Amino acid sequence: MQWQATPDVMLYANRSEGFRSGGFSIRGTLSEQQASQTNCGVVGGCRNNNFLSFLPETNTSYEAGLKTRFLNRAVTFNAAGFINNIDNFQQSQVVVTPNYGPGTNTYVVSFPKVQIKGLEFELDLDFGKMTESMEGLSLSGSLGIQDAKVKDGRVNGQTASIGAGAQAGAPGTTANFTGVQLQRVPKNNFTLRGSYVRDLSDDAKLSLTVGYSWIDSFSLGTFGTLNDIQPSYGLLDASATLNYKGYFLRVAGKNLTDKAYRTQSLPTVFFQGWAAPATVTVSVGAKF
């Protein structure tokens, strides 16, 4: 549903349904059929064990918000709230398999019930439309607030790393992820960005941008049912571009404060991946 309340204010609400197919783990090794593994249980009695397949995931989402523009479109403000109710949420689980295959097995488990809800805000300011003396200057910002809950996270313990040394659980066990943080879903995040464009002459133009983004602490994975938390961090980037006729010179920098943070983790095998350090690039180009 959508309502144009005024020429500058639009309200909307929608409900949608999504579907992700079930399937088979492409990194599954059928280690559960080996007598030496904890989730086999009985020597010679686990040949029919097969935990490669996983269920389809369904999502029902609700969203409502508003989109606005004011002061001759110099100010843009948007806000939205949403709720996602997800059934059979697909989540990978890496278990250790001593003396078998590559040493690990990856299952895809299905959490029965997950809910993600939150708020999003966006604000854009074009100062050039407010006063000629500030032409070319613009600022923007965004804020996200999320609350992600595993409302029912009970799965077969034989497909989760709840055994000794991050091995799979024994037959008859249950792994309960209820209340565990959902992976890669921070509670809060925001971005601030400014840009300035100035004509130096009929043939030359200078463009400057600077941005700062901050992300709250979040889970990168689990060791059993314990979260591996990446602490919050902020990133600064900037660029300057000089255009002259059909040529340009650009100097850009990312992660200028040289912040060290992780981008991936497999806690069961103590593997971590780290982001790039401070990086500066210089580009020269021509347009024909």
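Some observations on this one:
- Checked against the criterion of being over 24 Å from the mean Cα position of the chain (by Cα) and more than 23 Å from GLY81 (Cβ to Cβ), the candidates GLY221, GLY211, GLY165 yield just one match: GLY165.
- Qualifying residue in region 135-143 (condition: of a type in the set (Asp, Glu), in contact with a helix residue (DSSP H, G or I) (Cβ under 7 Å, 6 or more places away or on another chain) and at negative phi): yes
- Evaluation of ASP202 against the conditions (1) free of Cβ contacts under 8 Å to residues at least 12 places away in the same chain; (2) under 30 Å from ALA166 (Cβ atoms); (3) not aromatic (Phe, Trp, Tyr) shows that the sole unmet condition is (2).
- Test for LEU266: is it without any contact (Cβ under 8 Å) to a residue 60 or more places away in the chain and among the hydrophobic types (A, V, I, L, M, F, W, C): no
- Within region 258-277, being loosely packed, with under 13 Cβ neighbours inside 10 Å, at pLDDT 95 or above and part of a loop (DSSP other than H, G, I, E, B) holds for ASP258, ALA260, ALA276, PRO277.
- Filter result for VAL42 (more than 22 Å from GLY221 (Cα to Cα), at pLDDT below 95 and of a type in the set (Val, Ile, Thr)): yes
- Pair list, Cβ under 6 Å, 6 or more apart: region 225-240 residue within 30 Å of GLY157 (Cα to Cα), other residue assigned to a loop (DSSP other than H, G, I, E, B) and at pLDDT below 95: THR225/VAL180; ASN227/GLN181
- Within region 94-138, considering residues that are in contact (Cβ under 8 Å) with a residue 12 or more places away in the chain and polar (S, T, N, Q), the one farthest from VAL75 (Cα to Cα): ASN99
- Subset of region 199-234 (residues that are aliphatic (A, V, I, L, M) and either assigned to a strand (DSSP E or B) or crowded, with 17+ Cβ neighbours inside 10 Å (or both)): ALA204, LEU206, LEU208, VAL210, ILE215, LEU220, LEU226, ILE229
- Boolean, SER213 is at pLDDT 95 or above and farther than 30 Å from GLU135 by Cα: no
- Subset of region 65-103 that is at pLDDT 95 or above and charged (D, E, K, R) - its residue that is nearest to PHE271 (Cα to Cα): ASP87
- Condition met for VAL210 (within 22 Å of GLU122 (Cα to Cα) and touching a residue at least 60 places away in the same chain (Cβ under 8 Å)): no
- Residue-level check: of (1) buried (at least 17 other Cβ atoms within 10 Å of the Cβ); (2) over 28 Å from GLU63 (Cβ atoms); (3) without any contact (Cβ under 8 Å) to a residue 40 or more places away in the chain, ALA148 misses just (2).
- Residue pairs whose Cβ atoms lie under 6 Å apart, separated by 6 or more positions or on different chains, with the first residue in region 55-70 and of a type in the set (S, T, N, Q) and the second surrounded by 14 or more Cβ atoms within 10 Å (Cβ to Cβ) and part of a strand (DSSP E or B), are THR58/ASP87; ASN59/ASN84; ASN59/ILE86; THR60/ASN85; SER61/ASN84; THR68/VAL9; THR68/PHE77.
The values are calculated or read from the model by the stated rules, or taken from the named source; none is laboratory data. The shown structure was predicted, so the numbers you read here are calculated from the model rather than taken from an experiment. Heads up, the Cβs are rebuilt from the backbone with ideal geometry, glycines too, and the neighbour counts pull from every protein chain shown.
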